[in-house]
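As structure tokens, the structure follows; a few thoughts come after it.
The values are calculated or read from the model by the stated rules, or taken from the named source; none is laboratory data. Keep in mind the model is a prediction, meaning the values are calculated, not measured. Reconstructed Cβ throughout: ideal geometry from the backbone, glycine too, with neighbour counts over all protein chains shown. Accessible surface areas use protein heavy atoms only, side chains included; no ligands, DNA or RNA. Shrake-Rupley method; radii C 1.70, N 1.55, O 1.52, S 1.80 Å.
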Amino acid sequence: MKKLINDPNAVVQEMIEGMIAAHPDKLKTIPGTTVLVRKDAPVQGKVGLVSGGGSGHEPAHAGYVGKGMLDAAVAGEVFTSPTPDQVFEAIKAVDGGKGVLLIIKNYTGDVLNFEMAAEMAEAEGIKVAKVIVNDDVAVEDSTYTTGRRGIAGTILVHKIAGAMADTGASLEEVEAVAKKVISNVRTMGMALTPCTVPAAGKPGFEHGEKEMEIGMGIHGEPGIEKTEIQPANQVAETLVNKILEDMPLVEKDRVAIMINGLGGTPIMELYIVNKKVAEMMKEKGIDVHETFVGNYMTSLEMAGCSVTLLKLDDQLAELLDAPSDAIAFKKS
Amino acid sequence: MKLTIARAKEWMLTFNQRIQEEKDHLTELDQAIGDGDHGLNMARGFQEVVKKIEPTNYDTLDALFKDVAMTLISKVGGASGPLYGTAFLRLSTALKAESEANREKFVEGLKAALDGIKARGKAHRGDKTMVDVWEPVVDYVQSQSTIHLSQLNELAKEKMEETKDLEAKMGRASYLGKRSIGTIDPGAASSYLLFASLADCFQKGEMD
Ligand SMILES: Nc1ncnc2c1ncn2[C@@H]1O[C@H](COP(=O)(O)OP(=O)(O)OP(=O)(O)O)[C@@H](O)[C@H]1O
Ligand SMILES: [Mg+2]
């Protein structure tokens, strides 16, 4: 293992200290926790937004804390959901009297820990609502099993729900718009190389020199197909087609695109992927409202990418365009 | 088969020891069908449990198991933190104010713990989770007039091994669908260690 760290067991804590040092005017932490909170929290009269999950996906989620997006992010150990007491601290810190929305990625660990935290908050009289993001089309959708994972599409939920909360909307209204994003966002990813959890010390899986994997999860969960490495155009086509199979788009539909790097892929390659994705949209007569290219939801040093498509209506487009002051998602 | 405070403590200490020894193995199982953190999660959690309970003097079993539960809930994270945490919390509630539990009481407590796991995680037997070890073990201790510790150990082991052939419906492994077949469920493996440690502790003491 070759990593720029001091102690594999201190990575989360040290990262948080580094973030506070870099952005003292924007972020604060709650002592004794791994929660990062907006400096001016709780914002009175605004619904508070809390998300979080395992660490290792930076800038998710702390990078999305700021005016117009999240009020707090809870960082768990690397790839492990945070504990209920930590989430509870975050809820208390952001409750400005209008209730708190929890944005949860659909993993059993996250769902269970956030649910327990919500129960603790409700016991103290704080109004809490939860939405569960499940945008990963690599997994079969099912009500009888755990179902789809939450991945890069989550950031668009943060953005749009955050903008809605900023309008002074009620908890029910913010929850409703978050759910609308969730039902209109789909993501499909692929990986070229594995990543190593610092405390584990070795990669979660191995790929041959000429292998890649379609549908791999952001924790190195095996995907749906291992194949010979393919050119970017072909990869882009596979990813987009898999999304369209699940969420058909027709001419004149409006979308936002996110080309997300997993941490070890150069931005150059992400733009190469986007070139093809944009061409496909053009061919199909789909209107691209905005494209985001960068590392938004990473998987440590994994090489690979995901493509997210969010189908927009006027309300979603307007909220997506609203300003945001989050470190990793600045918009004016 | 009386559960005293000393024996309950020994059970947790033995379990921790087994978890620390098998940490890499649990992690390997989780790397095959999950995200490779189960060994780390359990090792971190039970190390803290031992730190908490070893120097503490308890008057009642529920106080001890409540400390176990709260430590797991606040230190483990993942799916296993709330699940094992809920289990020990239910066990604690079932043993309220008892300084020792006779067999009947203890079995009741284990059943309550299993019900807690099922209520929290909504998994059923056959979904390839820790429930596949917990449920048959609880059925066994509920139905036998004499509990044979070696049988209990064997049963837990066999049920753990049987998860190998199951397709995961719950937890991270469910994302794999059919490809989850062929690997033992990590949570079932750690649950086997829990019951193996229990059998171990009772074997060392006298039985009645
Ligand atoms: N719904 C469930 N009910 C019962 N047991 C479950 C459920 N989901 C998962 N498990 C058990 O939890 C084990 C995995 O625990 P682990 O500590 O690795 O958490 P995790 O799923 O990786 O959590 P996270 O998603 O936060 O990383 C599985 O092997 C399984 O036995
Ligand atoms: Mg795991």
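When we screen B:Thr4, B:Thr27 for residues that are away from chain A (no Cβ under 14 Å) and open to solvent by 10 Å² or more (accessible area, probe 1.4 Å), the only hit is B:Thr4.
Every residue, every condition in (1) in contact with a Cys (Cβ under 7 Å, 6 or more places away or on another chain); (2) touching a residue at least 12 places away in the same chain (Cβ under 8 Å); (3) of a type in the set (D, E, K, R), yes or no:
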{"site": "A:Ala10", "(1), (2), (3)": "no, no, no"}
{"site": "A:Asp25", "(1), (2), (3)": "no, yes, yes"}
{"site": "A:Val50", "(1), (2), (3)": "no, yes, no"}
{"site": "A:Gly54", "(1), (2), (3)": "no, yes, no"}
{"site": "A:Met69", "(1), (2), (3)": "no, yes, no"}
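Here the stretch B:32-63 is the region considered, the condition is being over 16 Å from A:Glu77 (Cα atoms) and among the aliphatic types (A, V, I, L, M), and the residue that is nearest to ligand 2 (Cβ to nearest atom) is B:Ile33.
Going by the structure shown, is A:Thr145 within 14 Å of chain B (Cβ to nearest Cβ) and more than 19 Å from the chain's Cα centre (by Cα)? Criteria met by A:Thr145.
Of all residues in the stretch B:68-127, those being away from every other protein chain (no Cβ under 14 Å) and of a type in the set (Lys, Arg) number 5. Considering only residues in the stretch A:107-130 that are part of a loop (DSSP other than H, G, I, E, B) and either more than 10 Å from chain B (Cβ to nearest Cβ) or at pLDDT 95 or above (or both), the one that is farthest from B:Met70 (Cα to Cα) turns out to be A:Lys127.
Residues in the stretch A:31-53 that are open to solvent by 10 Å² or more (accessible area, probe 1.4 Å) and within 14 Å of chain B (Cβ to nearest Cβ): A:Gly32, A:Thr33, A:Thr34. If the condition is being in contact (Cβ under 8 Å) with a residue 12 or more places away in the chain and more than 14 Å from chain A (Cβ to nearest Cβ), then the stretch B:131-149 contributes B:Asp132, B:Val133, B:Trp134, B:Glu135, B:Pro136, B:Val137, B:Val138, B:Tyr140, B:Val141, B:Gln142, B:Ile147, B:Leu149. Scoring B:Ser145 on the criteria (1) more than 17 Å from A:Ser142 (Cα to Cα); (2) more than 16 Å from ligand 2 (Cβ to nearest atom); (3) not in a loop (DSSP other than H, G, I, E, B); (4) not hydrophobic (A, V, I, L, M, F, W, C) leaves a single failure, condition (3). Within the stretch B:65-85, the residues that satisfy the criterion of being more than 16 Å from ligand 2 (Cβ to nearest atom) and open to solvent by less than 10 Å² (accessible area, probe 1.4 Å) are B:Phe65, B:Val68, B:Ala69. Filtered by the rule that a residue be touching a residue at least 60 places away in the same chain (Cβ under 8 Å) and within 16 Å of A:Ala317 (Cβ to Cβ), the stretch A:156-165 gives A:Leu156, A:Lys159, A:Ile160, A:Ala161, A:Gly162, A:Ala163, A:Met164. Being open to solvent by 10 Å² or more (accessible area, probe 1.4 Å), modelled with pLDDT under 95 and not hydroxyl-bearing (Ser, Thr, Tyr) is the requirement here; does B:Asp62 meet it? No, not satisfied. Within the stretch B:115-137, being among the aliphatic types (A, V, I, L, M) and surrounded by fewer than 19 Cβ atoms within 10 Å (Cβ to Cβ) holds for one residue alone: B:Ala119. For the stretch A:67-80, check the following and say yes or no: at least one residue is within 14 Å of chain B (Cβ to nearest Cβ) and either of a type in the set (S, T, N, Q) or away from ligand 1 (no atom under 16 Å from the Cβ) (or both). The answer is yes, given that some residue of the stretch A:67-80 is within 14 Å of chain B (Cβ to nearest Cβ) and either of a type in the set (S, T, N, Q) or away from ligand 1 (no atom under 16 Å from the Cβ) (or both). When the stretch B:150-180 is limited to residues that are within 13 Å of another protein chain (Cβ to nearest Cβ) and open to solvent by 30 Å² or more (accessible area, probe 1.4 Å), the one that is nearest to ligand 2 (Cβ to nearest atom) turns out to be B:Arg172.
Regarding A:Ala199, is this residue farther than 21 Å from B:Lys178 by Cα, small (Gly, Ala, Ser) and within 16 Å of ligand 1 (Cβ to nearest atom)? The answer is yes for A:Ala199. Does A:Val293 meet the test of being more than 30 Å from A:Pro24 (Cα to Cα), of a type in the set (Val, Ile, Thr) and out of contact with any Lys or Arg (no Cβ under 6 Å at 6 or more places or on another chain)? No, not satisfied. Could we say that A:Asp135 is within 12 Å of chain B (Cβ to nearest Cβ), among the charged types (D, E, K, R) and at negative phi here? For A:Asp135, the condition - within 12 Å of chain B (Cβ to nearest Cβ), among the charged types (D, E, K, R) and at negative phi - is not met. For the stretch B:40-54, taking the residues that are more than 9 Å from every other protein chain (Cβ to nearest Cβ) and surrounded by fewer than 24 Cβ atoms within 10 Å (Cβ to Cβ), the one that is farthest from A:Gly53 (Cα to Cα) is identified as B:Glu54. The lone criterion from (1) acidic (Asp, Glu); (2) open to solvent by 30 Å² or more (accessible area, probe 1.4 Å); (3) more than 16 Å from the chain's Cα centre (by Cα) left unmet by B:Asp37 is number (2).
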